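Chemist: I am attaching a structure below and will ask some questions about it afterwards.
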Amino acid sequence: MQTENVQEDLWIPTTCGLCYSVCALKVHRVNGTVIKIEGNPESSTNRGRLCPRGVSGIMALYDPNRVNVPLKRTNPKKGLDVDPGWKEITWEEAIDTIAARLRKIRHDDPRKLLMTGTVTTQDEVPFARFFTMAFGTPNGWNSGAGNHCGTAEHLYGALLHASWAKQPDSDHCRYLLNFGSGVGSGSYYTVTGMAQRIAEARLRGMKHVAVDPFLSPSAEKADEWIPIRPGTDAAFALAMLHVLVHELKVCDADYLKHHTNGPYLIGDDGLYLRDETEKVPLIWDPVDGAAKPFHSPEIKDFALEGVYAVDGASARPAFTVLKEHLTPFTPEWAEPITTVSAATIRRVAKEFAEEARIGSTVVIDGKVLPYRPVAVMYFKGAQGHKNALLSCMALELLTEIVGSSNVPGGLLGMNSCSLGYPETGQPSWIPKADRDGLMITGYWPTFPPPYPPKEVRATETIDLRGLIPTCPGSSGALPVVMADPKRFGVPYQIEMNLQLGSNYLMTFANPEAVARAFQDVFQVSFALFLDESTYLSDIVLPAASYLERLSHTADWMSSNSAVGEWCYHVRQPVVDPIAERRSVCEVLLELVERLEMREEFYAFINLLLKLKEPYALDPTRRYSWSEIVDHRYKSLFGEARGLEWFKKHGVLKWPKQAEEVYWKPSSTARVPIYFEWFKSLGEKVKAQADEIGIPLDTSAFQPLPEWRPCRAHEENSPGYDFHAIYYKLPMQTFSGTYDNPWLDEVCQTNPFAYGVAINAAAARLKGIEEGDWIEITSVSTGHTIRGRAALTEGIHPEVIAIAGCGGHWSKYLPIANQEGKGLCFEWLMPVGLDNVDIPSLTQDSCVKVRVAKAKEQT
Amino acid sequence: MRIEVSFYGFVRDLVNTSKFVIDTSDKTTLRELLDLAAQRHGEKLRERLLSAKGDLAPNVQIFVGEHATTSLDEPIDHGHDLCTGVKVFVLSATAGG
Ligand code: SF4
């Protein structure tokens with residue numbers, strides 16, 4: 001470009017919106033056109049780094065296939081590949097039609113409205129939630145995450161770490177045991193910042209051990225890779241626990257006594273023994289030889305082991321019950337389940353125990369704190385199975401037993417405790433204890449938090465979460481209930497879906513079954529592209545991308561690094577919305593006015609954003625979207641730090657205090673190592689389900705972990721001899737980025753990105769060579785998908801691994817819809833409650849498949 | 001005493017108007033107020049707002065004037081300025097992920 005032609009040359013601070021990591025950007029705009037996107041080194045979230053998606057955002061901004069005008073369907077028939085017959089309409093017609101529908105539904109029964117969202121609209125989804133709440137519906141589904149959602153992991157995040165997600169303490173951890181999470185590579189939270197932090201941690205000597213069926217983008221960067229049969233991580237963890245407490249006799253007794261319910265006395269019925277007056281749990285004081293309420297100031301010591309007689313009843317501390325429970329789970333028991341040798345499990349347990357350095361301390365910010373430099377990470381890989389609740393429990397107990405939870409070196413909540421910006425004390429949240437002494441989160445991004453246990457009710461929502469209140473994430477039951485609400489006692493049918501960018505047909509399970517649940521629903525999609533799920537839409541609205549819109553909630557609880565600095569950003573338009581694209585939040589504000597629900601909507605904004613005077617919204621006047629964002633910033637950070645300040649500076653940061661990062665030692669809230677309330681909750685769920693007439697297997701609601709086989713482990717149909725799993729790619733976000741030409745180019749350089757990873761020896765036994773087309777047929781759905789074989793020694797011989805959410809078929813995605821651009825794993829996965837972990841409503845995501853060389857090799 | 005009660009959120013299927021006014025005594029408790037509302041709008045309203053034990057459901061937040069309250073059994077004029085009335089919010093436990 002000739003410099004004399006440059007009238008404008010700006011670097012604009014904003015944030016990336018292509019996944020949930022919220023990396024800070026500097027966007028270079030010249031003469032009104034974005035020419036480059038870089039990471040903003042001012043932010044400690046990503047420390048100047050971006051992933052390939054972040055760099056490629058420019059292509060999505062100017063993509064000629066973007067939706068630029070409102071569209072309505074002219075073909076009343078709906079189906080997976082039925083052409084909707086799109087016709088351009090004006091915004092006015094679109095809003096009139098939508099408002100009329102919403103008005104009727106609100107009058108009739110507001111519960112008939114559903115909202116579906118995804119991670120690339122996570123800044124808009126909270127605002128849309130305010131809208132749906134004010135509207136009066138309880139129904140929402142973060143379906144873009146779908147089966148990729150951490151679900152049960154988030155439940156334990158709440159119960160044990162007071163946070164949505166966790167990270168190893170990258171400043172001090174010395175041993176990272178990683179069960180299939182993408183930490184430090186291309187997925188999981190604060191991806192780019194964490195990749196740098198994990199690399200630095202390895203340079204200073206941290207060992208990273210990856211337990212994973214596949215030498216995944218994360219496992220390949222580990223010091224050691226241990227291939228494991230999918231869905232058996234709990235057996236590995238249980239055997240480690242056995243070695244720790246029975247063979248090595250290792251546990252952090254001080255931590256267990258003061259920070260867990262390990263000393264709480266458990267009766268023969270499996271429930272707490274409670275004192276007569278206050279009804280709080282009892283512990284045994286071995287000095288006085290007496291049972292005392294857990295919070296009694298008279299306690300001299302807490303017994304962790306033994307059997308005691310209390311008022312004629314026999315009782316054992318929860319730790320003793322756990323220890324006895326672990327007796328049969330030897331490494332030899334785990335070996336045939338996991339295919340990992342008993343010797344390896346024993347060695348890892350020993351390394352873990354030694355590195356935990358129980359009893360050691362470290363001084364940080366002048367405070368003497370326990371030093372436990374080991375962390376156990378897991379996410380979808382270990383958790384996404386029918387045994388999710390009990391598997392996650394086993395994995396979490398490794399951290400609890402050695403006391404490495406939320407202390408230096410250990411596993412840290414992201415971010416469990418916030419004391420706020422020094423000038424305002426906002427935002428602030430601190431975990432607290434309930435009457436039983438167990439922890440309630442200080443903040444939780446959805447409402448209400450999973451603990452204290454909620455009442456089991458007849459299900460009023462379309463996702464079964466009234467009946468099963470322990471599901472914190474995307475419910476695997478939603479498409480099942482939506483297809484037949486009467487069967488589940490839901491007294492209405494969903495009539496309308498407000499779809500915020502989620503391509504749920506490609507992110508959950510069998511697209512045909514999911515489409516059946518949605519095809520009779522009037523769907524309004526805010527869309528960047530005409531993806532597969534928009535085929536079911538009645539109206540498509542041209543959405544502004546993250547580079548064209550303003551947001552107040554780009555940052556959230558788990559977008560900040562667990563260590564270092566607090567960092568709050570702005571997401572601002574770097575160009576005006578192109579063509580007729582509009583921000584979802586602005587459209588919702590217009591709908592609020594049309595529906596005359598301003599008073600209710602503002603009341604929810606004031607309540608949920610905690611807007612206090614003088615920043616509370618006054619319902620007697622109408623606010624613009626930028627005014628609301630301004631109020632939000634000023635309410636949090638003071639009059640001087642409003643929207644204009646953020647637009648100019650981009651980032652507000654301040655150092656984290658030691659008691660925010662390492663909050664556990666000073667907290668009086670205990671966490672469970674014995675999940676007593678799961679047992680009674682399960683009984684209530686069962687009773688309620690029986691009353692409704694739903695056959696539900698509630699047996700996994702139990703207080704202690706075990707390994708249970710998934711469907712895939714019990715499937716023995718001849719020829720179906722591989723487990724199919726999926727994994728996340730660092731260069732794609734779910735199904736939403738596959739049409740990006742730069743990312744396509746990157747994926748084409750990597751045979752695994754669009755291909756099928758298969759063990760080289762196992763492949764050759766079937767006559768399959770590198771690059772051959774292979775057909776994969778699911779025993780559960782009968783569907784067959786095709787892809788090219790990518791042979792490797794880096795995968796368990798019983799497993800094939802498919803990356804991300806490729807295999808698009810929308811005719812409006814000309815790059816992504818070509819054969820060979822990845823596979824849609826979801827065709828292999830069935831929809832149904834027998835494929836769901838009932839207590840967490842986690843969708844299983846591994847399946848038995850038949851693999852054969854395709855007859856057609858072109 | 002006239003109390004304006006406003007309902008917000010996942011309750012609109014039961015309370016088809018977001019506001020109503022109740023004439024009652026100074027000593028009325030929130031529980032009694034909710035009883036009156038349930039008489040007017042049906043028992044399902046009580047089930048939505050309260051647990052089987054009669055506690056406030058965890059997704060319900062009530063403000064008397066500007067003050068958040070969890071006590072159902074104190075008189076609602078207890079030290080509060082009632083000019084802004086009683087606001088009952090029923091939040092939805094929408095899924096995350
Ligand atoms: S990690 Fe996520 S937020 Fe960061 S650059 Fe990549 S896509 Fe954007």
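The values are calculated or read from the model by the stated rules, or taken from the named source; none is laboratory data. The model shown is predicted, which means the values in this text are computed figures rather than measured ones. As a convention, Cβ positions derive from the backbone with ideal geometry for all residues, glycine included, and neighbour counts pool all protein chains shown.
Chemist: Tell me which of these A:Val55 doesn't satisfy, since it passes every other one: (1) within 23 Å of the chain's Cα centre (by Cα); (2) within 16 Å of the ligand (Cβ to nearest atom); (3) aliphatic (A, V, I, L, M).
Modeler: Answer for A:Val55: the failing condition is (1).
Chemist: Which residues, counting only those in the range A:818-858, are among the small types (Gly, Ala, Ser) and in a strand (DSSP E or B)?
Modeler: Within the range A:818-858, A:Ala852 is the sole residue that qualifies.
Chemist: Checking the structure you have, find out if any residue of the range A:112-130 is in the same structural domain as A:Val584 (by TED's automatic domain parsing), more than 16 Å from the ligand (Cβ to nearest atom) and among the polar types (S, T, N, Q). Break it down into steps so the answer makes sense when it comes.
Modeler: We begin by selecting, within the range A:112-130, every residue in the same structural domain as A:Val584 (by TED's automatic domain parsing); these are A:112-130.
Narrowing the set further to residues that are more than 16 Å from the ligand (Cβ to nearest atom) leaves A:112-117, A:126-130.
Narrowing the set further to residues that are among the polar types (S, T, N, Q) leaves A:116.
Yes - at least one qualifying residue is present in the range A:112-130.
Chemist: Run A:Val368 past the list (1) under 31 Å from the mean Cα position of the chain (by Cα); (2) without any contact (Cβ under 8 Å) to a residue 24 or more places away in the chain and report the number of the one that doesn't hold.
Modeler: Of everything listed in (1) under 31 Å from the mean Cα position of the chain (by Cα); (2) without any contact (Cβ under 8 Å) to a residue 24 or more places away in the chain, A:Val368 misses just condition (1).
Residue by residue, here is whether (1) over 30 Å from A:Thr116 (Cβ atoms); (2) facing chain A (nearest Cβ under 9 Å); (3) at pLDDT 90 or above holds:
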{"position": "B:Val11", "(1), (2), (3)": "no, yes, yes"}
{"position": "B:Asp26", "(1), (2), (3)": "yes, no, no"}
{"position": "B:Glu32", "(1), (2), (3)": "yes, no, yes"}
{"position": "B:Ile62", "(1), (2), (3)": "yes, no, yes"}
{"position": "B:Glu74", "(1), (2), (3)": "yes, no, no"}
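Chemist: Further question on the same structure: Kindly list, by first and then second residue, each pair from a residue in the range A:20-37 that is more than 14 Å from chain B (Cβ to nearest Cβ) to a residue that is small (Gly, Ala, Ser) and within 12 Å of the ligand (Cβ to nearest atom), limited to pairs with Cβ atoms under 6 Å and residues at least 6 apart or on different chains.
Modeler: Pairs found: A:Val22/A:Ala554; A:Val22/A:Ser559; A:Cys23/A:Gly54; A:Ala24/A:Ser43; A:Ile37/A:Gly57.
Chemist: A further question follows. Going through A:Phe678, A:Phe646 one at a time, which residue ends up being modelled with pLDDT of 95 or more and in contact with a strand residue (DSSP E or B) (Cβ under 9 Å, 6 or more places away or on another chain)?
Modeler: A:Phe646 is the lone residue from the list that is modelled with pLDDT of 95 or more and in contact with a strand residue (DSSP E or B) (Cβ under 9 Å, 6 or more places away or on another chain).
Chemist: For the range A:593-640, name all the residues that are more than 14 Å from chain B (Cβ to nearest Cβ) and touching a residue at least 60 places away in the same chain (Cβ under 8 Å).
Modeler: Scanning the range A:593-640 gives A:Arg594, A:Trp625, A:Ser626, A:Ile628, A:Val629, A:Arg632, A:Tyr633, A:Ser635, A:Leu636, A:Phe637, A:Gly638.
Chemist: Also, quick follow-up: What do you reckon, is A:Pro230 at pLDDT below 95 and either within 16 Å of the ligand (Cβ to nearest atom) or part of a loop (DSSP other than H, G, I, E, B) (or both)?
Modeler: Details: at pLDDT below 95: no; either within 16 Å of the ligand (Cβ to nearest atom) or part of a loop (DSSP other than H, G, I, E, B) (or both): yes.
Against the criterion (at pLDDT below 95 and either within 16 Å of the ligand (Cβ to nearest atom) or part of a loop (DSSP other than H, G, I, E, B) (or both)), A:Pro230 does not qualify.
Chemist: What single numbered condition from (1) among the hydroxyl-bearing types (Ser, Thr, Tyr); (2) over 30 Å from A:Phe214 (Cβ atoms); (3) assigned by TED's automatic domain parsing to the domain that holds A:Gly231 fails to hold for A:Ser404?
Modeler: Here A:Ser404 meets the rest and fails (2).
Yes or no, residue by residue, for (1) more than 27 Å from A:Gln7 (Cα to Cα); (2) within 13 Å of the ligand (Cβ to nearest atom):
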| site | (1), (2) |
| --- | --- |
| A:Gly39 | no, yes |
| A:Cys51 | yes, yes |
| A:Arg66 | yes, no |
| A:Asn75 | yes, no |
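Chemist: In the set A:Glu826, A:Glu819, A:Glu798, A:Glu775, which member is in contact (Cβ under 8 Å) with a residue 60 or more places away in the chain and over 29 Å from the mean Cα position of the chain (by Cα)? Full working, then the answer.
Modeler: Values: A:Glu826 fails: over 29 Å from the mean Cα position of the chain (by Cα); A:Glu819 fails: in contact (Cβ under 8 Å) with a residue 60 or more places away in the chain; A:Glu798 fails: over 29 Å from the mean Cα position of the chain (by Cα).
After applying the criteria, what remains is A:Glu775.
Chemist: Within the range A:479-508, work out how many residues are assigned to a loop (DSSP other than H, G, I, E, B) and under 18 Å from the mean Cα position of the chain (by Cα).
Modeler: 5
Chemist: Next question. On the given criteria, is A:Leu18 within 13 Å of the ligand (Cβ to nearest atom) and in a loop (DSSP other than H, G, I, E, B)? Outline the logic, then answer.
Modeler: Details: within 13 Å of the ligand (Cβ to nearest atom): yes; in a loop (DSSP other than H, G, I, E, B): yes.
For A:Leu18, the condition - within 13 Å of the ligand (Cβ to nearest atom) and in a loop (DSSP other than H, G, I, E, B) - is met.
Chemist: For the range A:760-789, what are the residues that are outside any loop (DSSP other than H, G, I, E, B) and either of a type in the set (Gly, Ala, Ser) or in contact with a helix residue (DSSP H, G or I) (Cβ under 6 Å, 6 or more places away or on another chain) (or both)?
Modeler: A:Ala760, A:Ala761, A:Ala762, A:Ala763, A:Ser778, A:Ile785, A:Gly787, A:Ala789
Chemist: While we're here: Can you tell me which residue among A:Leu595, A:Leu608 is within 18 Å of A:Ser428 (Cβ to Cβ), of a type in the set (A, V, I, L, M, F, W, C) and out of contact with any strand residue (DSSP E or B) (no Cβ under 8 Å at 6 or more places or on another chain)?
Modeler: Just a single option satisfies the conditions, and that option is A:Leu608.
Chemist: It is to be established whether one or more residues within the range A:418-438 are within 14 Å of chain B (Cβ to nearest Cβ) and under 30 Å from A:Tyr546 (Cβ atoms).
Modeler: No.
Chemist: For the range A:191-224, name all the residues that are small (Gly, Ala, Ser) and within 16 Å of the ligand (Cβ to nearest atom).
Modeler: A:Gly193, A:Ala195, A:Ala199, A:Ser218
Chemist: Please determine, by comparing only the residues of the range A:119-172 that are within 11 Å of chain B (Cβ to nearest Cβ), assigned to a loop (DSSP other than H, G, I, E, B) and over 30 Å from A:His208 (Cβ atoms), which one is nearest to the chain's Cα centre (by Cα).
Modeler: Once the filter is applied, the top-ranked residue is A:Ser143.
Chemist: Name every residue in the range A:799-857 that is polar (S, T, N, Q) and touching a Phe, Trp or Tyr at 6+ places or on another chain (Cβ under 8 Å), in order of residue number.
Modeler: A:Ser810, A:Asn817, A:Gln843, A:Ser845, A:Gln857
Chemist: Across the range B:48-60, what is the total count of residues that are in a loop (DSSP other than H, G, I, E, B), within 10 Å of chain A (Cβ to nearest Cβ) and free of Cβ contacts under 8 Å to residues at least 40 places away in the same chain?
Modeler: Residues flagged as in a loop (DSSP other than H, G, I, E, B), within 10 Å of chain A (Cβ to nearest Cβ) and free of Cβ contacts under 8 Å to residues at least 40 places away in the same chain within the range B:48-60 amount to 6.
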